[in-house]
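Single-structure report; data block below.
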Amino acid sequence: MKLAVPDMISNSYFPAIAAIELGFFEREGLDVSLELIYPVDKCYAALRAGTVDFVGGSAHSALSAFPSWHGAKLLCAQGQGMYWFLVMHADLGGKRGDLGVVKGRSIGAAPWVDMGLRRLLIEAGIDLTRDQVKIAPVPGAQGAGVNFGVTAAKALEERKIDGFWANGMGTEVAVRRGVGAVVLDVRRGDGPKPCFNYTMATIATTDRLIQRSPETAAGAVRAIVKTQAALKENVARATEVGRKLFPPEEAELIAELIRRDHPYYDASISPTFVAGMNQFSRDVGILAGDIPYEGIVAAEFSHLWKDG
């Protein structure tokens with residue numbers, strides 16, 4: 001079986017990656033390999049086509065391949081809350097929470113990920129046209145095997161962009177190199193209140209897999225829950241995984257990023273989150289109408305979210 005993620009050198013989808021590398025899928029009797037497919041809509045296209053079995057990506061992005069959620073379900077969360085950071089070049093003098101720094105600037109963001117930033121800025125009173133905010137793909141971020149966050153940090157350092165909207169690893173690299181300053185950290189309270197529930201990192205699969213093999217879907221949920229618990233119990237296990245898969249600099253950073261993410265390691269998917277994601281999806285034009293909770297979440301596995 002295959003699990004696709006849109007970014008590997010990152011904390012965003014680390015529970016899914018670590019579940020494979022630390023053997024938690026294997027303990028559930030599942031032979032799962034990891035596949036990097038960028039950007040996230042291509043992950044979901046592969047899920048629809050049947051070339052992968054699970055996607056560890058942003059929840060709302062499932063709509064790119066499964067309109068109105070027909071054919072796909074969310075199994076569990078990898079972490080609560082929208083998990084991207086807005087980072088602007090340190091020379092611009094942007095302060096935490098000051099969105100005025102985006103005016104007249106170019107900001108790099110991945111496809112489908114950019115929707116969260118666009119909607120957040122609109123809710124915060126920024127008019128993207130009037131205020132001349134350009135949100136576009138990061139130069140050099142196209143093609144197979146791309147790790148977006150670290151690519152964005154490099155582009156910021158080279159002044160190809162004025163800022164980026166990306167994961168915690170890209171953020172940490174940019175800040176440590178002295179080229180980036182964090183303006184927004186949504187998980188930790190920055191930005192308009194609704195943006196926390198725009199999306200989150202989840203595990204998704206198809207209705208056909210759930211119907212054909214519910215025990216496989218249940219095993220995937222248990223693997224993620226047990227991985228979250230293991231990383232909370234001993235965060236050094238993140239370094240163990242990082243040294244297998246990441247370049248040296250990022251491998252030594254990952255444990256600290258996972259430690260910071262511990263408060264958000266909860267596999268549950270609440271009705272409140274689904275309502276918030278649905279509203280966001282309507283606001284950005286990727287969903288019409290309202291989809292009930294059971295049309296989005298495989299709630300039959302909800303008893304596994306707390307203890308696997």
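The values are calculated or read from the model by the stated rules, or taken from the named source; none is laboratory data. Fair warning: this is a prediction, and the values are worked out from it, not measured in the lab. Cβ atoms come from the backbone with ideal geometry, glycine included; neighbour counts cover every protein chain shown. Each accessible area value is taken on the protein alone, full model and side chains, heavy atoms only, with ligands, DNA and RNA left out. Shrake-Rupley method; radii C 1.70, N 1.55, O 1.52, S 1.80 Å.
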How many nm separate the modelled label positions at R208 and S33, each set 7 Å beyond the Cα in the direction of the Cβ?
-> 2.1
Given 20 Å bins starting at zero, what is the percent of C-alpha pairs of the chain in each, up to the one with the largest pair distance?
-> 36, 59, 5
Highest-MSF residue in the chain out of A90, A77, A153 [GNM, Cα springs under 10 Å] | A90
Environment charge at D207 (Cβ cut-off 14 Å; Lys +1, Arg +1, Asp -1, Glu -1) | +1
Accessible area per residue of the stretch 239-308 at 1.4 Å probe, in Å²?
-> 47
Averaged per residue, the 1.4 Å probe accessible area of the stretch 63-128, protein heavy atoms only, in Å², is roughly 33
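Relative contact order for the stretch 91-226 using alpha-carbon pairs under 8 Å, separation at least 6, rounded to a whole percent?
Reported as a whole number, the value is 25 percent.
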Post the alpha-carbon centroid distance, the stretch 171-219 to the stretch 92-128, in whole angstrom.
-> 18
Within a Cβ distance under 12 Å of C43, other residues only, what is the Lys/Arg minus Asp/Glu net charge?
-> -1
Could you sort 173-185, 107-119 so that the peptide with the highest average Cβ count within 10 Å comes first and the rest follow in order?
-> 107-119, 173-185
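If you place +1 on the Cβ of every Lys and Arg and -1 on the Cβ of every Asp and Glu, how big does the dipole about the Cα centre of the chain come out, in debye to the nearest 20? Walk me through the intermediate numbers first.
On the way: 33 positive and 35 negative charges, 79 e Å.
The calculation lands at about 380 debye.
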Given the Cα atoms of the stretch 6-55, and with Rh set as the inverse mean 1/r over their pairs in the Kirkwood sense, what is Rg to Rh to two decimals?
-> 0.98
Estimated dipole of the stretch 42-142 in Debye, rounded to 20 [Cβ of Lys and Arg +1, of Asp and Glu -1, Cα centre] = 60
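Using unit Cβ charges (K, R positive; D, E negative) and no other charged atoms, how large, in debye to the nearest 20, is the dipole of the stretch 217-283 about its Cα centre?
That gives a dipole near 280 debye.
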Comparing G104, G94, G79, which has the greatest mean-square fluctuation in the GNM of the chain with Cα pairs linked when under 10 Å apart?
-> G104
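Highest first, please rank the peptides 209-221, 31-43, 288-300 by the mean number of other Cβ atoms sitting within 10 Å of their residues.
The packing order, highest mean first, is 31-43, 209-221, 288-300.
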Along each principal axis, Cα extent of the stretch 7-149, largest first, Å | 53, 32, 29
Counting only protein heavy atoms with a 1.4 Å probe and every protein chain in place, the carbon and sulfur fraction of the accessible surface of the chain in whole percent equals 49
For L253, what charge total do you get from the other residues with a beta carbon under 9 Å from its beta carbon, if Lys and Arg give +1 and Asp and Glu give -1?
-> -4
